[in-house]
Amino acid sequence: MQRGTCQVLRTTTPGSGDISDLLQDLPSPLPFPPSLFFFALSPSLVAASFSSPLGWQLAGLPNPPRSGASSRGAPRAGRTKGALQGGHRGALALPSPCCRPPTPVPAPALQVMLLGDSGVGKSCFLSRFKDGAFLSGTFIATVGIDFRNKVVAVDGVKVKLQIWDTAGQERFRSVTHAYYRDAQALLLLYDITSKISFDNIRAWLSEIHEYAQKDVVIMLLGNKADMSGERAVRTEDGASLAREYGVPFMETSAKTGLNVELAFLAVAKELKQRAVQAPGEPRFQIHDYVASQRSKSSCCAFA
Ligand SMILES: Nc1nc2c(ncn2[C@@H]2O[C@H](COP(=O)(O)OP(=O)(O)OP(=O)(O)O)[C@@H](O)[C@H]2O)c(=O)[nH]1
């Protein structure tokens, strides 16, 4: 398991927002007795903040699972560096009725989920996209699920992506299943140097069909294309599996950045087009877009 790392943000379940975070954002010392604060910030307000999707959004956290499988029983590593780096701390503003003009409600984030076996490079893929970096070091498997946000420009319009990085390990499957239904796009990765990770793609697709929304956008990605010397899965095999399931396909490299941005942009474009498309208008063709835009390296050129 010691292979390198892209653990910018490991761990967390989204339930880590709590009242202590709220209190940390207050001035210290308080300009009034703490009891007065609790009186003003009534329990119902606090409870409402964290029991409704709106409260979670105000807190800068993704919605909790709606029903069914819960994250109970999942390892709770508490609030981690990642959640702080995402800039979420302090996002829950205390009500200030007198002075602030109402802020416009931003468009909801598009939810994109990364799936695939442990070690295929999901976290590195996300780090490459978000930070433009590939971190090497000790491989630490993701625990449960994590997320990061990034705003991208699609046809001149800013679109916020909320990207969920899931643990590939089997033991976290019940945790991650709970989030499938909220995903609008799924990037399904295998490792071109690992035949097993490719063979498992069919099982991943069955899970997706079982748990995800029917119209979820799916893209198959053969990652680690930079490691052509250790290739165990032919590009044509990836392309043919993708054709069989009717999903777009590319080979990528979190290490070199090959096609990483394109993968996210393609799904963002597809989702945005769906949202604004008038009835009868020709549909955006993600397959054609990917085929026309993807970079081809000597290792992974295919028709
Ligand atoms: N050469 C190369 N190595 C990569 C690439 N992507 C990831 N790796 C390496 O593969 C290993 C696993 O990467 P991770 O991103 O942590 O894998 P993961 O899919 O998130 O794994 P889980 O969190 O267990 O699901 C690390 O040692 C990375 O350095 C890539 O594109 N090229």
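Numerical summary
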read-out: Scattering curve values for the range 191-251, log₁₀ I(q)/I(0), Debye with Cα scatterers, q = 0.12, 0.18, 0.21, 0.30 Å⁻¹; value: -0.29, -0.62, -0.81, -1.34
read-out: Residues whose placed amide H lies under 5 Å from that of L258, excluding near-sequence neighbours; value: S253
read-out: Extended-chain gain in nm, criterion 0.36 nm per residue less alpha-carbon gap, E207 and A278; value: 22.4 nm
read-out: V154 long-range amide H proximity, modeled H, under 5 Å; value: V159
read-out: Built amide H within the under 5 Å cut-off of Q111, gap 5+; value: Q162, Q184, A185
read-out: R0 of 41 Å, Cβ-Cβ distance V157-N200: FRET efficiency to nearest 0.05; value: 0.70
read-out: Distance in nm between pseudo-label sites at A141 and E236 (7 Å out along the Cβ direction from Cα); value: 3.5
read-out: Mean separation of Cα contacts under 8 Å, 6 or more apart, over the residue count of the range 110-297: relative contact order %; value: 23
read-out: Cα-based Lys proximity count in the range 183-295, under 22 Å, for pairs eight or more positions apart or on separate chains; value: 5
read-out: Cα gyration tensor shape of the range 110-297, rounded if a/c is under 1.5, else prolate or oblate by comparing a/b with b/c; value: rounded
read-out: Global geometry of the range 228-282, whether rounded, prolate or oblate, following the gyration tensor of its Cα atoms and the 1.5 cut on a/c; value: oblate
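Readers should treat all values here as calculations from the given coordinates under stated rules, not as data from a laboratory. What you see is a predicted model; the values in this text were computed from it and never measured. Positions of Cβ are backbone-derived with ideal geometry, glycine not excepted, and every protein chain shown enters the neighbour counts.
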